[in-house]
Each structure stands twice: as C-alpha cells, then as structure tokens.
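Have a look at the structure below, then the notes.
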Amino acid sequence: IGSTLCRRLVGDGAKVWMVGRDETKLKQLAEELGQPCSVCDAADWDKLDTIVDEAIERWGGLQGAANLAGSILLKPAHLTSKAELQDVLNQNVMTAFGVVRSVAPKLKKTGGGSIVLMSSAGASIGLMSHEAIASAKAGVAGLARAASATYGAGGVRVNSVAPGLVQTELTARVWKNERSAESSRSMHPVGRLGRPEDIASLIQWLLSPEQSWITAQDIAVDGGLSGLKSATR
C-alpha cells in the first residue's frame, strides 16, 4: 500500500520523503521514483523527529504525512502472550502516535495540512482471533479523532482509513490459502478482496488540500465488510 501510494503521489507531481524499515525495498523504490528516503522505524520517535525536520529544511515546508505501518496477529486473547501484544501495539499505535507527535505541530506552524493513519475494519466489528490487532487499530482510530481536536484550529486534519483484507505481502498467508481466501471473500459483500490501490487512492485523496473539511473520520474502505451482512455466496 505504501509503495502504491508513493507511486501515485509522485505521478501526480508531489515530492515524497519515504520512510521504512526495509532498507533494500526502500532504496529500490527511492531509486525508481527519484525521491529521498530514510531507514527508520516510526516507533523511534527521536529519529523520526530528525527526519521530519530534515524534510522541512530541504523542501521549505510540509503538507502532510501518512503512517501505513501495520502488522497481523491472528490469535485469541488467551493464546496471545504479553510480548506479542506489545509488539502489535509498538508496530501500530506507537508508530501512528510518533507520526502525529512529530508532524502535527509542524503542520500547525505552517498553516495546516493532513495526516492519515491506518486503522482496520477489525476495529469496528468483531472478528474471530483479532483481539490484539483490533485493540491496536481501535487505538489508532481514537488517536486520529483526539489529534484532530487538538490540532484542528491550526488547520491540521487527522483521519484514519479502515481496510478489510487487502492482498499484500503482510496478509499473504491468508489470501494465498484458497480456503481462507474464499472464506474472507464471502465476508466482503462486493465478492473480492482489497487491492493496494483501493486503499492508496483514498489516502491520496485525504492528503489533498482540497479535502480541507474532512477530519476526525475513520473511513471504511473494505468492500462492505464492516457495513453489511451478506448471505453466503
């Protein structure tokens, strides 16, 4: 999703500073798009602060940021260890909080902008064995709403997007298994799983200054998963 979003933004003429943990993939994408990048885990708030400051110094400002960090842990609560839960929280809540903490005050100083965080359909509906990720993503959605209240007077918009199952490397063990893939497809009323561009297009739209009256929203882009109950196909 992140790679797709970067390609869309650059294709539309935006300058993008890409941040990620996988140095090889990150540098390949940076070379492909001709954009700067930094290797960093967004849960490392001090390093993230430095990168944001560097981007602002280089470009003379900043218009927005998106945190697309995520993880998947499908276990019932009684089989989830404290370490596993902490890891899920670190990858999802701590990274999202770090982006808001680093970016929102700086956007406020320069007239505003947009921050987009990654929630999940599983945060608004009950899905079996999603206790850890649902807890984390519900926290992300709550963070977006609170931050939109804190920084909104300064023109800073904060929203989150809530996907259903999207076909990415992260979720490959689910959708590459035909039995589990069919089960998931049957839960999505449109009858297919999500594609990275389905999510990236919404994030790009939310980042645009044209959407200046949209904030504090957790927007579902999930093929109807969270909004409808459909009969078995």
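Quick check on the range 175-192: of everything there that is in a loop (DSSP other than H, G, I, E, B) and modelled with pLDDT under 75, which residue is surrounded by the fewest Cβ atoms within 10 Å (Cβ to Cβ)?
Taking the range 175-192 as the starting set, the residues that turn out to be in a loop (DSSP other than H, G, I, E, B) are 176-177, 188-192.
Still in the running and modelled with pLDDT under 75: 176-177, 188.
Working: K176: 10, N177: 12, H188: 20.
Within the range 175-192, the match that is surrounded by the fewest Cβ atoms within 10 Å (Cβ to Cβ) is K176.
Got a number for residues in the range 212-231 being open to solvent by 50 Å² or more (accessible area, probe 1.4 Å), hydrophobic (A, V, I, L, M, F, W, C) and at pLDDT 95 or above?
Within the range 212-231, residues that are open to solvent by 50 Å² or more (accessible area, probe 1.4 Å), hydrophobic (A, V, I, L, M, F, W, C) and at pLDDT 95 or above number 2.
Please return the ranges of helices (runs of 4 or more DSSP H) entirely within the range 1-70 where 3 or more residues are open to solvent by less than 70 Å² (accessible area, probe 1.4 Å) and not hydrophobic (A, V, I, L, M, F, W, C). Break it down into steps so the answer makes sense when it comes.
Working: elements: 2-11, 23-33, 45-59.
Per the criteria, 2-11.
Could you please find all residues in the range 71-86 being surrounded by fewer than 16 Cβ atoms within 10 Å (Cβ to Cβ) and in a helix (DSSP H, G or I)?
Hits for the range 71-86 are A77, H78, L79, K82, A83, E84, Q86.
Any residue in the range 77-91 that is small (G, A, S) sitting within a Cβ distance under 7 Å of a residue that is open to solvent by 70 Å² or more (accessible area, probe 1.4 Å)? List the pairs, counting only those 6 or more apart or interchain.
Filtered contacts from the range 77-91: A77/E131.
In this structure, does M94 turn out to be without any contact (Cβ under 8 Å) to a residue 60 or more places away in the chain and either of a type in the set (S, T, Y) or assigned to a helix (DSSP H, G or I) (or both)? Quick ask: steps written out before the conclusion?
Numbers: without any contact (Cβ under 8 Å) to a residue 60 or more places away in the chain: yes; either of a type in the set (S, T, Y) or assigned to a helix (DSSP H, G or I) (or both): yes.
Against the criterion (without any contact (Cβ under 8 Å) to a residue 60 or more places away in the chain and either of a type in the set (S, T, Y) or assigned to a helix (DSSP H, G or I) (or both)), M94 qualifies.
Examine the range 79-97 for a residue that is more than 23 Å from L143 (Cβ to Cβ) and modelled with pLDDT of 95 or more, and state whether such a residue exists. Give the derivation first.
Let us first name the residues in the range 79-97 that are more than 23 Å from L143 (Cβ to Cβ), namely 79, 81.
With the extra rule that they be modelled with pLDDT of 95 or more, the set shrinks to 79, 81.
The answer is yes; a qualifying residue exists.
Residues checked against (1) open to solvent by 30 Å² or more (accessible area, probe 1.4 Å); (2) touching a Lys or Arg at 6+ places or on another chain (Cβ under 9 Å); (3) among the aromatic types (F, W, Y):
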residue: I115; (1), (2), (3): no, yes, no
residue: S119; (1), (2), (3): no, yes, no
residue: A123; (1), (2), (3): yes, yes, no
residue: L127; (1), (2), (3): yes, no, no
residue: A136; (1), (2), (3): no, no, no
residue: S160; (1), (2), (3): no, yes, no
residue: R173; (1), (2), (3): yes, no, no
residue: G194; (1), (2), (3): no, no, no
residue: I203; (1), (2), (3): no, yes, no
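Failed condition for L89, given (1) part of a helix (DSSP H, G or I); (2) buried (at least 20 other Cβ atoms within 10 Å of the Cβ); (3) in contact with a Ser or Thr (Cβ under 8 Å, 6 or more places away or on another chain), with all others met?
(2)
Which one of these does V140 not meet: (1) modelled with pLDDT of 95 or more; (2) open to solvent by 60 Å² or more (accessible area, probe 1.4 Å)?
(2)
The values are calculated or read from the model by the stated rules, or taken from the named source; none is laboratory data. Fair warning: this is a prediction, and the values are worked out from it, not measured in the lab. Ideal geometry is used to build each Cβ from the backbone, glycine not excepted, and the neighbour counts take in all protein chains shown. To get the accessible areas, we keep the full protein, side chains included, count just its heavy atoms, and leave off ligands, DNA and RNA. Shrake-Rupley method; radii C 1.70, N 1.55, O 1.52, S 1.80 Å.
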